[in-house]
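Trainee: Have a look at the structure that comes next, please.
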Amino acid sequence: MKKKLLILPLLMSCFFVNAQNGLEDIIVEKYYISEANDTNANSVGGNLPIGSVTYRIYVDMLPGYNFQAAFGLTNHELRIETSTQFFNNMDYGNTSPTFSKNNSAKNTVMLDSWLSVGSACTGYYGVLKSDDDGLNNNVNSCTGCSSSPILQSNNADAGIPLLTQDGLLAGTPASVTAVGISSIINVFGNTSNGNLFSTDNGSWAALGGATGPDVNTNRVLIAQLTTDGILTFKLNIQLGTPGGGTEQYVAENPTGAEIQSAALLYDSGNITNLQDLTSAGTVYKIFPNPVRDNVTLELRNKNIDKKQTLQYNIYSMEGKAVKSNSISLNNNFHTESIDLSMLEKGIYFIQININGAVSTKKLIKL
């Protein structure tokens, strides 16, 4: 076993953002999954198909860095697409979340699709639900709806319910500046529907840069997207450095000082490019990577009727097992938080074994 583990680095071809660079990860949060009751708001908020998923996209940076822009250039297309249509609230929805918190609690406004540089409504940052303090949560109202309640789904795939923590934190987030996208951004407007946002000559930006409300985690919300289809994106972003410089991260075709990051590519229908677990009918991803304290293992089982057992083992470079666990997978979606805070900085390998199908990935501990 030890000899096999020691040669793993020679077999791996994954790209990892270097620890000295400011981008730690792109985090995609499942914010909400709509249910039958939510269709009660259709007459005032627009048609929200049952099972629609609201995704929030965060740029996770090292302390001292700031988010400046998401951009598209020649050979660096910026593309956000769904296989069906994006949901846009017809009532108070907008291309960026400029509605008040009071209005955000009306009908399905909280699920509107938009682009951002930190905010989720006027005077409030958008934060991961797990980072929310749970205070002053929105109490959704739906005047004109046929019945209530709505937006009270507790679907386990979306994690913490909005009634418990709504991902809104009071503050003064930056405002969106749109450059060269004045027409295509209307795919997220409240008078239109569409399935594609794409540019190779435009951006949405934060003048002066945007930082997260927590200077240590430093996560900035850059988009919220609701769809009942498969969501895919290809992003390019520019960060400001603590010393006043800039770093550009691209999804593909890097040139010069540009840094390529696989985290800038996303496909909700296939959450990883790894094929190692095809025989088990399961795909997975691990984030953030590099990691400081807790790493999340996210798995999707394509064959819900097949009972599966997950065994993971984390090994040091010397092949020594430092952490392991065994879990029964009873749902088609599972997330597991693994505490690595006690490990020393360095390179580790996590080996995933599901019903005999094995995959190994490198972890960088900061």
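The values are calculated or read from the model by the stated rules, or taken from the named source; none is laboratory data. Keep in mind the model is a prediction, meaning the values are calculated, not measured. Cβ placement follows ideal geometry from the backbone for every residue including glycine, while neighbour counts extend to all protein chains displayed.
Trainee: Among the residues of segment 111-161 satisfying the criterion of being free of Cβ contacts under 8 Å to residues at least 60 places away in the same chain and among the hydroxyl-bearing types (S, T, Y), which is farthest from M90 (Cα to Cα)?
Mentor: So the first thing to find is which residues in segment 111-161 are free of Cβ contacts under 8 Å to residues at least 60 places away in the same chain, and the list is 121-124, 130, 132-141, 154, 160-161.
Checking the rest, the ones that are also among the hydroxyl-bearing types (S, T, Y) come to 122, 124, 130, 141.
Working: T122: 18, Y124: 21, S130: 29, S141: 16 Å.
Within segment 111-161, the match that is farthest from M90 (Cα to Cα) is S130.
Trainee: Report, by residue number, each residue of segment 2-42 that is modelled with pLDDT under 85 and either assigned to a strand (DSSP E or B) or small (G, A, S) (or both).
Mentor: Across segment 2-42, the qualifying residues are S13, A19.
Trainee: While we're looking at this one, here's another question. Here is a check on your reading of the model: is A210 out of contact with any Pro (no Cβ under 6 Å at 6 or more places or on another chain), closer than 30 Å to V139 by Cα, small (G, A, S) and surrounded by 24 or more Cβ atoms within 10 Å (Cβ to Cβ)? Outline the logic, then answer.
Mentor: Working: out of contact with any Pro (no Cβ under 6 Å at 6 or more places or on another chain): yes; closer than 30 Å to V139 by Cα: yes; small (G, A, S): yes; surrounded by 24 or more Cβ atoms within 10 Å (Cβ to Cβ): yes.
So A210 passes the test.
Trainee: Moving on. Does A223 satisfy the criteria of being surrounded by fewer than 16 Cβ atoms within 10 Å (Cβ to Cβ) and at pLDDT 90 or above?
Mentor: Working: surrounded by fewer than 16 Cβ atoms within 10 Å (Cβ to Cβ): no; at pLDDT 90 or above: yes.
Answer is no for this residue.
Trainee: Look through A178, A223, A206 and report the one residue that is touching a helix residue (DSSP H, G or I) at 6+ places or on another chain (Cβ under 7 Å), in contact (Cβ under 8 Å) with a residue 12 or more places away in the chain, in the same structural domain as N89 (by TED's automatic domain parsing) and among the aliphatic types (A, V, I, L, M).
Mentor: Numbers: A223 fails: touching a helix residue (DSSP H, G or I) at 6+ places or on another chain (Cβ under 7 Å); A206 fails: touching a helix residue (DSSP H, G or I) at 6+ places or on another chain (Cβ under 7 Å).
None of the others qualify; the one that does is A178.
Trainee: So which pairs qualify, if the first residue must be in segment 241-261 and outside any loop (DSSP other than H, G, I, E, B), the second must be among the hydrophobic types (A, V, I, L, M, F, W, C) and surrounded by 14 or more Cβ atoms within 10 Å (Cβ to Cβ), the Cβ gap must be under 6 Å, and the two must be at least 6 apart or on different chains?
Mentor: Close Cβ pairs (under 6 Å, with a partner that is among the hydrophobic types (A, V, I, L, M, F, W, C) and surrounded by 14 or more Cβ atoms within 10 Å (Cβ to Cβ)) amount to E247/L239; Y249/L23; Y249/I237; Y249/I259; Q260/V250.
Trainee: Same structure again: Let me confirm something: among C121, C145, which residue is touching a helix residue (DSSP H, G or I) at 6+ places or on another chain (Cβ under 6 Å) and surrounded by 24 or more Cβ atoms within 10 Å (Cβ to Cβ)? Step through it out loud before you land on a result.
Mentor: Values: C145 fails: surrounded by 24 or more Cβ atoms within 10 Å (Cβ to Cβ).
Result: C121 is the single residue among C121, C145 that is touching a helix residue (DSSP H, G or I) at 6+ places or on another chain (Cβ under 6 Å) and surrounded by 24 or more Cβ atoms within 10 Å (Cβ to Cβ).
Matching residues to (1) modelled with pLDDT of 95 or more; (2) touching a Phe, Trp or Tyr at 6+ places or on another chain (Cβ under 6 Å); (3) under 19 Å from T227 (Cβ atoms); (4) surrounded by 23 or more Cβ atoms within 10 Å (Cβ to Cβ):
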site	(1), (2), (3), (4)
A69	yes, no, no, yes
E81	yes, no, yes, no
N89	yes, no, yes, yes
T98	yes, no, no, no
W114	yes, yes, yes, yes
D131	no, no, no, no
G134	no, no, no, no
N138	no, no, no, no
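Trainee: Do the conditions hold for G64, that is, is it assigned by TED's automatic domain parsing to the domain that holds Q248 and under 29 Å from G202 (Cα atoms)?
Mentor: Details: assigned by TED's automatic domain parsing to the domain that holds Q248: yes; under 29 Å from G202 (Cα atoms): yes.
Against the criterion (assigned by TED's automatic domain parsing to the domain that holds Q248 and under 29 Å from G202 (Cα atoms)), G64 qualifies.
Trainee: Acidic (D, E), in the same structural domain as T108 (by TED's automatic domain parsing) and touching a strand residue (DSSP E or B) at 6+ places or on another chain (Cβ under 8 Å): which single residue out of D200, D166, D214 fits that description?
Mentor: Numbers: D166 fails: touching a strand residue (DSSP E or B) at 6+ places or on another chain (Cβ under 8 Å); D214 fails: touching a strand residue (DSSP E or B) at 6+ places or on another chain (Cβ under 8 Å).
Within the list D200, D166, D214, the selection yields D200.
Trainee: Would you list the strands (runs of 3 or more DSSP E) that sit entirely within segment 97-204 and hold 1 or more residues that are over 30 Å from G72 (Cβ atoms) and under 20 Å from the mean Cα position of the chain (by Cα)?
Mentor: It comes to none.
Trainee: Then there's this: Would you be able to say whether some residue in segment 293-315 is assigned to a loop (DSSP other than H, G, I, E, B), closer than 24 Å to A158 by Cα, of a type outside the set (A, V, I, L, M) and at pLDDT 85 or above? Don't jump to the end; show me each part of the working.
Mentor: Applying the first criterion (assigned to a loop (DSSP other than H, G, I, E, B)) to segment 293-315 yields 293, 302-307.
Now drop any that are not closer than 24 Å to A158 by Cα, which leaves 293, 302-307.
Keeping just the survivors that are of a type outside the set (A, V, I, L, M) gives 293, 302-303, 305-307.
Those still in the list that are at pLDDT 85 or above too: 293.
Within segment 293-315, one or more residues are assigned to a loop (DSSP other than H, G, I, E, B), closer than 24 Å to A158 by Cα, of a type outside the set (A, V, I, L, M) and at pLDDT 85 or above.
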